[in-house]
Every structure is written in structure tokens, then in C-alpha cells.
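Report on one structure; see the data block that follows.
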Amino acid sequence: MPRALSHPMAIVLGAAVLNSIWFHGPLWGYLGRHLDFAQSQAWTTALAVALIPTLLSLVFFSGLALVSNRLLKLGLILTFFCNALALYFMQQYSVVLDKSMLSNVWNTNPDEAMQLLHPKLALDLLLWGGIPSALVGWWPIRSVPWWQKCVGALALPLTGGALLYALAFTWLWIDQHAGEVGSRLLPWSYVINSARHWQQAAHDSMTFSPLPDATPAPGSRRPRVVVLVIGESARADRHSALGYARPTNEYTQAVGAVSLAGVQACASYTTAALNCILSHRGNEAPERSAMGEPLPSYLQRQGVEVIWRTANSGHPPIQVARFETLGDIQKNCRANDCPPDRLDEGLLYGLKDLLTQSRSERILVVLHLSGSHGPKYHEKYPPQFERFKPVCRSVILQDCDQASLNNAYDNSILYTDHVLARLAELLRQIDASSAWLYVADHGESLGESGLYLHGTPRMMAPKEQIDIPMMLWFSDTLRREFALDTSRLKGMTGVGQGHVFHTVMGLLALSGGPYQAPLDVFNASRSRSTNVP
């Protein structure tokens, strides 16, 4: 082998070029769709885009080489395997690795992560990560004077930078497509956006400023119990109450629940959507740092007993009277009366006893469901709810035909509907003026336009990820207290996740402070005009 090819800087250059070619299929696919290669400028634009990951890699790999040849090899192998992992998810689910997607990744709990495992992942890691890593491991790197490494570490990036500068006439196109191009650059997309996520998380860990105190209405004979049910990955167009042909809402319709049409999510991933749902600022607060004191913490401070039960993750820091995961509930149950394993119905276990034993005048229960979170939709419901068959049982959703994928997803929607109906029956059994409000955090793509799952940036997200269901149920006593007009509720428009904070406050007979009556769905339903912005 020629000595020149084993020089550390030759390895750096070769690895940078290999990284730009081998791991950037999604980037080249994007360029192919958005550049007209019948024109010569398209080729120069593509060259300029290719120089970006090459130049970044030259800087990073040169820095490793300056420390030691061994660190260079280790860094290259680690980079190649991480790139292969990222490339697998980009190709299988058509995701883009922007900040919102990385926030979604880092807030995924271990159980959700395990659902993504598939033998193809191991094969892809061996192919895309193993081949270049084996090449790097086998290729000798000779020792050279340190000054030669320094010259190379300066010359290679400067040369790449000069070439990119010579193509400055392409920068306008690159700037116009910066978000899409940047989210497809490996490893820089997941490294930089992970750093941005953790920087935001560190900022978010600061204590929220308290909101002004609320004014409670005079107490009644019965306590007020409100249950806020936050769904997961539910699409509005799969709800029969909103026009879907399949009977996916037969259980909630049987108990008299009301569905609202035209509801949209603030974001297409859980963390930002929950921030919006739990913030008094609503749609203006998609980021946790802008949301202020979240609803559960605020109500707990106002003397409301708050119980949070979750089969999910992604919520902001909260201070409540009782916080339980589904795992906690299952661990503490009696051996002969335990809830179903990993199913949302388990969140109802023991809830009636908690409510009847409470001495609080006002109680808020938050149930955060696992819902229809993919890709293992078939594991989100028990066998008796597999009504639509056959079902997709693979995490490689492209391997499933569209009908089986739809069947599995629709079964999960049907099961959520059953859980909500059971909740209504439970609330009917307690002596309280009660209601529940169900809202999904975001929707889900099921192959439309080649997209799967969720997490696409809001400005580019398809309607399947943004259009969500919202349902309301109320007890007879609360219906009489509010003099509710169900037909007016059904006819409301413009309602969104930003209404939740104020609607819950209204249901608990709290006003003043951050409360805004026009954003209270029940208050608006009693007026002549909904006046919902």
C-alpha cells in the first residue's frame, strides 16, 4: 500500500469524502427532488451542498488526528455506527433530524424505544456502519511528525472552505432550504440538534414563575372532579364521530360524549404539544421556556388536589399531590386484581377509590395515555379489540400493506375509545359534579407522502400529524349546573389545545388569575356566540 495513503491526513480526507457519500442518501434524494439537473447550476449547487458535510468532517476528523492516530480510528468507527443508526430511522420512517425530532428522541421512554427494534436494524448497522468501520480498522495509519498533522489540519479545511466560497452563488438556494438540508447532514444534524435540545432542557429546568391566584366560586354540595385525558398520536380523520366510516367511537357515543371538529395540535411531537396543552398561553407557548407555571402545578398551588397518572413521557416539570406511572400502579396492585400489562386501561385501576376517599372540594386527574404511539400499534390494545383484521405486526411499517397498517392503527383508536367510556362509567359512580376532557397531543402519519409516525416540524407537518380529536363528557349534575347546550358544543369551531387550561379552570369553578373566559369551551357553549379566537 502506498505510504501516502496511510498518512493520517490522507485518512482524514478519505473518511470525510466517504462520510459525505456513504451516509447521505436522504440528502441526495432531497436534492434530486428539488433541483433541476438539466441545468448546469443544479450540479454546482449539489457540489456546494456536498462540500458542507465534507468540510465539517475535515475539521472534526483533523482535530482527532492531532491528538492521536488511535483516537482518530476510534472516532471514525463511532461516527460511522452512529450515522448508520440515524440513517436507518431516516430511511425507514422518513424522519428529519431537526431539533423537534431530537427532542422527541430524547424524551422517548425505554419501552417506546424497545418497540422500534427489528432485525433489519442490526443488518443495517452491520452494512452501513460495519463496512466503513472494518475498512478503517484494517487500514494502517503511519506515524508522522506532529507539524505535518498541523499543516494538514489547516490546509484541508481551508481548501474545502475556499471551494465552498467559490460556489457562493449557490448559497441563496442553500439558505432557502437550510432546514431540510441541515436535518439530513450526518452526524451534524443529530449532534447539533441534540446539543440544542439539552441546552433548552437546562433552561427549562428553572423554576416557573407563579401565575396570579384564582378566585374560587362558592362551594356546592358535591365536589368537582375533572379528568384531563391526554391522548397519544390520535388522528381526527380516524374518529367516526368526526366522519370516519369505521365505528371507532361507538363506546364514547354510547355514554354521550361530544366530539369537537377542526381541532389542531400546536406541535407534532409530545413535549411541545404538552407544553401548549398545559400552558395558560396556549398556542403562543409551544416551547416549555415560554409556558409559565403549568396547569397541574398551578391548580395544586390553588388548593386543587391533582393526581397525575401516566403511561407516557414528555411532560414538563410538575408539582402535584400524587404522581404515578403505569408501572407504579401495576406494582402496587393486588395479585388477583391487577390491571392489564402495559395497557392504558391500567390507569383507571384504583381511581374510583382515590376519588371517593378524597376530602377535597376540587380534584383534577390527568391521565396521559400511551394511545396509538407507533410503530407497534398492534400492542396498544388487548386481543378482544382486534376488530379490524388483518393487522400489521412489524415495526418496519413499509413492509406492511396499507390495509393491515390501517387496521392495527384503527384498533388502537377503538381501544382508547373504550378506555374513555369506562372512565365515564367510573365517574358516574361517584357523588361529584364530574367531567372529562380528552385531547390528543398530535396525530400520526401512516405512509401518506412516504411519511410515518410523527415529529415533522410544525410548518412542514402534514394534516395527518396536526389534525387531532377532542372530546368532552360531563355528568348529569354538571350538565345541569352549566345549563349546557350540547348542540352548541358540537357546532363550535376554532377550538385548539390552547383552550385546555382555561376550560379545566372553568370546570373546576375557578376564575380570575390567568383564566380567560373566551378560551373556556364550556363557558363559550352557554353564550350566544362562541367567540373563540
Hull volume in cubic angstrom per residue (convex hull over the Cα atoms of the range 55-210): 175 Å³
Residue-averaged [θ]222 nm for the chain, counting only DSSP H segments that reach four residues, each worth -39500 (n - 2.57): -13500 deg cm²/dmol
Exceeding the 24 Å Cα-Cα cut-off - candidates Lys463/Lys490; Lys389/Lys463; Lys73/Lys99; Lys73/Lys149; Lys120/Lys380: Lys389/Lys463; Lys73/Lys99
Antiparallel DSSP beta bridges within the chain, as percent of all bridges there, nearest 5: 35 percent
Extension gain from Gln357 to Ala217, taking 0.36 nm per residue of separation minus the Cα-Cα distance: 48.1 nm
The chain, relative contact order in percent, only Cα pairs under 8 angstrom and at least six apart counted: 20 percent
Distance in nm between pseudo-label sites at Ala168 and Ser394 (7 Å out along the Cβ direction from Cα): 5.1 nm
The range 380-533: Cα Rg divided by the 2.2 N^0.38 Å rule of thumb: 1.25
Gain on full stretching of the segment that runs from Trp28 to Gln253 - 0.36 nm per residue minus C-alpha separation: 76.1 nm
nm² value of the averaged projected area, convex hull over the Cα atoms of the chain: 28.9 nm²
Cβ-derived FRET efficiency at R0 56 Å, Ser143 paired with Gln41, nearest 0.05: 0.80
C-alpha center-to-center spacing [the range 86-165, the range 418-443] in angstrom: 46 Å
Cα coordinate range in the range 132-246, projected on the principal axes (Å, largest first): 86, 45, 39
Equivalent ellipsoid dimensions for the range 213-332 as semi-axes, Å, which come from the Cα gyration tensor, largest first: 26, 20, 18
Tail beyond 20 Å, pair distance distribution of the range 273-388 (Cα, percent): 51 percent
Rounded to whole Å, sorted largest first: equivalent-ellipsoid semi-axes of the range 436-491, Cα gyration tensor: 34, 10, 8
Sequence-separation-based contact order of the range 326-444, relative, with Cα cut under 8 Å and 6+ spacing, percent: 21 percent
Overall form of the range 20-146 per C-alpha gyration tensor (a/c, 1.5; a/b vs b/c): oblate
Protection proxy ranking, peptides 431-439, 28-36, average beta carbon neighbours within 10 Å, highest first: 431-439, 28-36
Dipole in debye (nearest 20) - the range 54-155, about Cα centre, beta carbon charges: Lys, Arg +1; Asp, Glu -1: 520 debye
Partner aspartates and glutamates for Lys331 [C-alpha distance under 18 Å; skip if fewer than 8 residues away on the same chain]: Asp111, Asp341, Asp344, Glu345, Asp353
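Read-outs throughout are calculated quantities, based only on the coordinates presented, and are distinct from any laboratory measurement. As the structure is a computational prediction, the values presented were derived from the model and not from experiment. With ideal geometry, Cβ positions are generated from the backbone for all residues, glycine too; neighbour counts draw on all protein chains shown.
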